[in-house]
Amino acid sequence: MNLKGSYSNHHGRYELRHHPQIFNERNQVSDAEHLIIVAGHSVTISGHLEDAEIDEKDWYLLGYQKGKGLPQAIIAHIRAGILEAAKDPKSLLIFSGGETRSDAGPETEGGSYFRVSDAMNLWGEPRKRDEYFPGAFDVRARTTSEEFATDSFQNIMFSICRFKEVTGSYPIKITVVSFSFKKKRFVDLHAPALRFPPEHFHFIGVDPDDSTGFDIKASSEGELMNAAKPFETDPYGCNTEVLIKKRKERNPFFRTPPYEISCPNMSPLLTW
C-alpha cells in the first residue's frame, strides 16, 4: 500500500491520503534558483483546519493578536507564497517558523502552514485563475518547511540554509511574504545585514482587510518600537536585550538549528 501526500479531514481528524504532488518526486527542486519565504506568525492547535482562515480557535494566538484578523492574514500570506511559486517553476517555497509557543506543544509554525495548505487545498488555487502560471501544477512538490526560526532575521537566514540543504546551492533570488508594515525590517535591515544583493531581494506585503479588526496604524507603530528600532542598532539580533529575550522565549523547547553543519559557509553568521 503506497500512502502519498496530504491530509483529508474527517470528523475533526486527519487521515493520510494520496496527493499527486509529492515533494521533489520529479527532482523539481534541484534546479531551483528562487527562494520564496512565507514568514510564520502562529502554530495550529486544532485538528479541524478547513476553516483556519476564519476561526481563531485553530491558531495559538497571544492576547494582542486576537480580534486583529490574524487567521485571515496567515491564509493570505500562504496564498501569496503559493501564487509566487506558481509563477516561477524554478522556485522553492519555504514556510518558516519554529516551535515558538510552549503552551501549544512542540508544533512548528512552518509545519502548521503546510498542513493548513493541505487542509484548505490551497495548492490548486493558481490553476483556477484566468492567467497561466508555468509552475502552477507542482507547487506542493516544490514546498517545504523551515522549523527553527524564532524571528524575522532568522526567517531569512535559516531559510537560505534550508534552501541550501534541499537544493545543494544558495538562492540567486529571494522573495519574502509578510505584513506590509514589516517591509522596512526585511528590505532595509535584514537583507543588507546578510549582504544579499538588493536587486535580487523582493518583498510582498499582504494585510487583512480593516473589517477583520486589523489596524495598520497601531501595527506600524508597534513594529517601529519593538522590532525595527532594535534591529537598526543590532542587525543580527545578538546584543539587544529585547531581541535576545524574544529569541529565548520563542524557543521554549531548546531546539538547536542544524545549519552550521549543513551550511558551513554561513557558519560565521550562524555563530555570531
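Of the residues ARG185, ARG255, which single one is touching a residue at least 12 places away in the same chain (Cβ under 8 Å) and touching a helix residue (DSSP H, G or I) at 6+ places or on another chain (Cβ under 7 Å)?
Checking each option against the conditions leaves just ARG185.
Considering only region 126-163, how many residues are open to solvent by 50 Å² or more (accessible area, probe 1.4 Å) and more than 16 Å from the chain's Cα centre (by Cα)?
Residues in region 126-163 being open to solvent by 50 Å² or more (accessible area, probe 1.4 Å) and more than 16 Å from the chain's Cα centre (by Cα): 8 in total.
Considering only residues of region 241-259 that are closer than 15 Å to SER152 by Cα and of a type in the set (Val, Ile, Thr), which is most open to solvent (accessible area, probe 1.4 Å)?
ILE244
Picking from SER262, SER267, which residue would you name as being touching a residue at least 40 places away in the same chain (Cβ under 8 Å), surrounded by fewer than 16 Cβ atoms within 10 Å (Cβ to Cβ) and of a type in the set (S, T, N, Q)?
Step by step, each of SER262, SER267 is checked, and only SER262 is touching a residue at least 40 places away in the same chain (Cβ under 8 Å), surrounded by fewer than 16 Cβ atoms within 10 Å (Cβ to Cβ) and of a type in the set (S, T, N, Q).
Anything in region 48-80 that is open to solvent by 30 Å² or more (accessible area, probe 1.4 Å) and in contact with a strand residue (DSSP E or B) (Cβ under 8 Å, 6 or more places away or on another chain)? List them, or say none.
HIS48, GLU50, TYR60, listed by residue number.
Here are some conditions: (1) under 30 Å from LEU270 (Cβ atoms); (2) free of Cβ contacts under 8 Å to residues at least 40 places away in the same chain; (3) not in a loop (DSSP other than H, G, I, E, B). ASN239 meets all but one. Which one does it not meet?
(3)
Which of the following residues is open to solvent by 50 Å² or more (accessible area, probe 1.4 Å) and either without any contact (Cβ under 8 Å) to a residue 40 or more places away in the chain or closer than 22 Å to SER159 by Cα (or both): ILE174, ILE204, ILE216?
Only one candidate qualifies: ILE216.
Of all the strands (runs of 3 or more DSSP E) wholly in region 139-218, which have at least 3 residues that are of a type in the set (S, T, N, Q)?
Of the strands (runs of 3 or more DSSP E) lying wholly inside region 139-218, those with at least 3 residues that are of a type in the set (S, T, N, Q) span 143-146.
The values are calculated or read from the model by the stated rules, or taken from the named source; none is laboratory data. The shown structure was predicted, so the numbers you read here are calculated from the model rather than taken from an experiment. We place every Cβ from the backbone using ideal geometry, glycine too, and count neighbours over all the protein chains shown. The accessibility values were calculated without ligands, DNA or RNA, using every heavy atom of the protein model including side chains. Shrake-Rupley method; radii C 1.70, N 1.55, O 1.52, S 1.80 Å.
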